Amino acid sequence: MAIFFVVGVWHHAGSADQGYIQWSYASVAIWAFDRFVRILRLISFGVKKANVTLIADETLKVKGGMTHGLYQYLSNQPDNKAMINVMIEGPYGNRLPTRKFDTNILLAGGNGIPGLYSEISDLSKTNSHTKLYWIIRHYKSIEWFYDELKALENLNVETIIYVTQPHVGLDGPIGGFATGPIGGGEVDADDIDEVKNEKSDASASEDDDLSNDHILQLKQNLNHIEFREGRPLVDDLVKSEISQANSSIAFVTCAHANLVDSTRKSIANNLSTEKRVELFESNQAW
């Protein structure tokens, strides 16, 4: 896209005597220098080996191109795992001034959690009151971020996770623990036919019970985290946090555009206060 833009400007700028072509030279020089520095950073990092695992569906958005090819490759590997060569560039951005606020409310949606997690690591070293809201679809979405959530137990942060589709259970345990089968005992030979007729219903019931056990043990392992089932009422959440803040409060979002827009609107509607209220949007771009 940048190349097409430069070519278009070059074509429409006209000849050098019109005085506009110099801007094209400057644009090309800056763009080329930026790409040159990025290539140098890639080379300095080198090629590393990475153990890649295909886990929760919303961790890596599968679209066209490289992500689709990687998804297909991992799908055909044992346990959906593989060692691949990687080169890393970035991330780019700036540090948010969250340290200046007495209260920090971080709202993450789905795979927007990594960026805000780094903010938490920084804020935990301050005296500010930090609260993290993470909105996910299923309990299974915790699988890829379990270790990081467990580490929050030792940090000065209040964590709340919203699960919008709690009826979608867990196929297996998360976090290295295991749950035994539900029920037990022997089946009498005279009841074989009845058992066969009820097998599918009983199997489904046992699966549900086992899934509930997995969820209960997950919550016990993450007992420093509050789990809420359903969608958050953003307007009520914003009002509540502003009313509870002592003086200054910052909201930081990294989520779907709809959630960010709702948060921005709610904050704008609740600015009739002497407290300092600000919103910072931490967007991910590729």
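Quick notes on this one:
- Taking amide H positions as modeled 1.01 Å from N, with prolines and chain starts lacking one, the residues under 5 Å from Arg276 and 5 or more places away or on another chain are Ser248, Ile249.
- 5 angstrom amide H check on Thr130, placed H, neighbours 5+ away: Asn104, Glu158
- Student exercise, the stretch 33-152 dipole from Lys, Arg, Asp, Glu Cβ charges, in Debye to nearest 20: 260
- Scoring 64-76, 237-249, 219-231 by mean Cβ neighbours within 10 Å over their residues and listing the highest first yields 237-249, 219-231, 64-76.
- Close amide H partners of Ile135, meaning residues 5 or more places away or on another chain with modelled amide H under 5 Å apart, are Ala108, Gly109, Gly110, Tyr162.
Bear in mind that the values in this text are calculations on the coordinates, not laboratory data. Given the structure is predicted, the values throughout are model-derived calculations rather than measurements. We place every Cβ from the backbone using ideal geometry, glycine too, and count neighbours over all the protein chains shown.
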